[in-house]
Structure formats: structure tokens, C-alpha cells
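Structure record follows, encoded as C-alpha cells.
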Amino acid sequence: MLRRTFVGIVSAAAVTAALGGTALAQEALKIGLILPMTGPFASTGRQIEAAVKLYMQQNGDTVAGKKIQLIVKDDTGVADVTKRLAQELIVNDKIAVMAGFGLTPLALAPAPLATQAKVPEVVMAAATSTITEASPFIVRTSFTLPQATVPMAEWASKEGLKKVVTLVSDYGPGIDAEKAFTGAFTSKGGTVENLRVPLANPDFSPFLQKVADAKPDALFVFVPSGVGAQFMKQFVERGLDKAGIKLIGPGDVTDDDILNGMGDVALGAITTQHYSASHDSPENKAFVEAFKKANGGMRPNFMAVGGYDGMHLIYEGLKKTNGAGGQALIDAMKGLSWTSPRGPVSIDPQTRDIVQNIYVRKVERKDGELYNVEFATIPNVKDPVKAAKAN
Ligand code: DHB
């Protein structure tokens, strides 16, 4: 009698568990996409959201037999909001993955939650080197500023430039760019003067006056995506375009989204970066064409490719785990490689950063539009800051 009751309880529990399991299998896999959709960095949110949606449109919304549900949230570019949204998505929506993260402080804010909840955090935009060290659940499909910048210093030195002034936004990625450039350029005998401009509502003119007075061979600039237009306007207003000072830097300042609106002042700027809308490959031609078609002619920039590849990484990871998330998913992402619109890429299994080509580009007019035209390639570049730590 006792035994029968016990068996009865066990089997009832087993049935409940099995039913629960079936219900879970049919439940959607949710991806929380947290981006600045409003505020000063809304262009980053707009580019990434468009690219993520394009990827889903092209590759379907079922992976490993499960429906993918995208939940887009606007953090307005404020880190406390990013963190609150991540918490709500984890606790209430039970997301399998969080993704997006338009700036460094926005990527760092939810890192402890990723660790605690074992939810992979796919960083599609932010680019300070240390970000992936903030949680073992962070993986990145954008880039790091040192990765893009060291090749710039090497190019500048080879071109015979001797004196450079750096002007960077005063926060994580700007400081990374300043350090990477200064270290690599001075080690080759160059001299550098460093200037930093506030991230919020920057007024470049007092800094540009200092640049004009210093008369360097080149001005090295880092500003986050979207801010380049404002920088260029003040560059012209101060007459620096006519002062014979070369404009160089990582590619954020001549971002493909805004480059065409800058006009001839941008012509000749030399930048190093992982993505150009004019990258000559069949994958990129197809990407640019589809992206423009789906978005009223908007040109994809490097943020868009970070979002597109981030979705590819999530889809391929989920295929490998047969739909499982957590530790299995982050492990499955390590070492994945594919051909991106930007060229060949892979996820470094040690650092969870993306390994990719860095291209040296010059702003030129092509078919009536301004583009960053690639003219040299440095293949398979790792984040040099972490590579140096590993040695
Ligand atoms: C970051 C933001 C950007 O818009 C960019 O172009 C590079 C880096 C950042 O905050 O990490």
C-alpha cells in the first residue's frame, strides 16, 4: 500500500517534469537586445537593430528546433538603465542571451548579472579592451581600440610622420586608443602630445586651437561612432583642413553611416579598422545591398557588422548546443570561425574577443560617394593588450 502510493507520487512527478520539459522545448529562445535607441548615441542602436533584424530575416527565426524571439530595449545610453533592463530580461523574460551594448559603460554595467545568472552577453559595439575580462560570459563581435590602433601607429611611422597630436574622447575606448597609439608610435621614434575631450556634449574648438598651435604632421582622432560629423564641422571651422595637418585614427571618426555627409573635408583621411562598406568581397556586397534595401538606403557601418556577426555567433552557438544556453552556449561560441562581410573572423577561445583583419583605408570619392577605400590588410589581428598580458 505504502509502496504503491510512493510509486504513484513518483510517476506523477515524472509526468509533471516531462510535461514541463515539453512545454520548455516549445517555448521561444529569447534574445534581449539592449541598445541606445534614443539619445546622443542612437545611430549605434539604429545600425545594430537593423543588422540583427536583417540577419533574422535572412536566416529564419528557428534555430535547433526552437523559435527565436527578439526583445529590443532602449537604454537611452545610460548605464544604470542598461543594468536594470538586463535584470528584468533575465528575471522576468528568462532570456537565453543578452546582446547589443552600444558603449563601454553600457557593456560593463550588466557584466556581474551575466556571471551570476550564467547568461551569455554578446557585446556587438563597445570596444574597450578590458570588457571581456569583466565576466567569463562576455563574448565580443565588435573590436578593440588597441586592435584597430596599433596598425595606425605602424602605418604613420612607415610614412615618415614624426610628430602627432592625439585627441580622444575621455573614457575607456579613447584612453585605450591614446595609449596604444602613443606606445607603438614612440617606440618607433615618433613624438606624441595627448589631448582628451569630454565624452558628453564635446566642444572640440579649444582642443583644435591647441592642435593648430602645435603644428603636428598629423592629428590622431578617436570619437565614438556618430560623433565624427560634429568633429569634422569644427575641424573645418578652425581652418585645420587648410593647415596641412593629416587626419588619422581608428575608423570611428569616418564612420560609414555619416561619412557621405561630411563632404570633401574628409577626403584623404587615413584610418585603420575592421570594416568598410566598400570592402571588396561577395559577402560584403550582398550584405550592403540587402541592408540598404531593408533600411531605406541607409549604409551599414562597423556597428551594423558587429550586430550581424553577433547574431551569427548566437545562431551557430545554439546549433552546436542544440538550443541549450548558459555555460554550454558560451563554450560553444569559443573558437567559432566564419566569413563575415568584414572578412575572415574567429572567436579567440582564450579571450572571447574577435580575431579579424585590420585594413588601412583612405577616404576617397567612388561613384559620387565618399568611402573608406581599403589599400592594405593586416591579417588576423588579436587584441594586442591581452596578447601582451598572455606573454
Ligand atoms: C565605443 C563606442 C563607439 O561608438 C565606438 O565607435 C567605439 C567604442 C565604446 O564606448 O566602447
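General observations
- Backbone geometry of the stretch 256-262 corresponds, through the Karplus equation with coefficients 6.51, -1.76 and 1.60 at θ = phi - 60°, to 3J(HN,Hα) couplings of 4, 5, 10, 4, 4, x, 7 Hz, x marking Gly and Pro.
- Oblate is the label for the stretch 111-211. Its Cα gyration tensor axes, ordered a ≥ b ≥ c, give a/c of at least 1.5 and b/c at or above a/b.
- Angle of helix 172-186 to the longest C-alpha principal axis of the chain, folded into 0 to 90 degrees and rounded to 10: 50°.
- Helix-derived mean residue ellipticity, 222 nm - over the chain, DSSP H n ≥ 4, -39500 (n - 2.57), to 500: -13500 deg cm²/dmol
- Distance violations [Cα-Cα > 18 Å] among Lys163/Lys215; Lys73/Lys94; Lys246/Lys362; Lys158/Lys389: Lys158/Lys389
- Segment Leu336-Gln230, length gained on full extension (0.36 nm per residue, minus Cα span): 34.4 nm
- With the simple model of a label 7 Å out from the Cα in the direction of the Cβ, Ala64 to Asn391 spans 3.8 nm.
- Between Phe222 and Leu167, Val168, Ser169, the built amide H atoms are under 5 Å apart, and every one of these is 5 or more places off in sequence or on another chain.
- If the segment from Glu364 to Glu283 were pulled out straight at 0.36 nm per residue, it would be longer than the present Cα-Cα gap by 27.0 nm.
- Near-label residues of the stretch 196-229 by backbone N, under 12 Å of a point 7 Å along Cα→Cβ of Lys163: 211-218
- In Hz, Karplus ³J(HN,Hα) per residue of the stretch 72-77 (6.51, -1.76, 1.60; θ = phi - 60°; x = Gly, Pro): 9, 10, 9, 8, 6, x
- Distance-filtered residues of the stretch 163-181 - backbone nitrogen under 20 Å, label point 7 angstrom along Val265 Cα→Cβ: 165-170
- Each residue, Lys94 and Glu237, gets one label point 7 Å from its Cα in the Cβ direction; the gap between the two is 5.4 nm.
- Extension gain from Lys292 to Thr115, taking 0.36 nm per residue of separation minus the Cα-Cα distance: 60.0 nm
- Largest to smallest accessible area among Asp309, Asp203 [probe 1.4 Å]: Asp203, Asp309
The values are calculated or read from the model by the stated rules, or taken from the named source; none is laboratory data. Computed from a predicted model, the values in this text were never measured in an experiment. Heads up, the Cβs are rebuilt from the backbone with ideal geometry, glycines too, and the neighbour counts pull from every protein chain shown. Remember, those area values only see protein heavy atoms, side chains included, never the ligands or the DNA or RNA. Shrake-Rupley method; radii C 1.70, N 1.55, O 1.52, S 1.80 Å.
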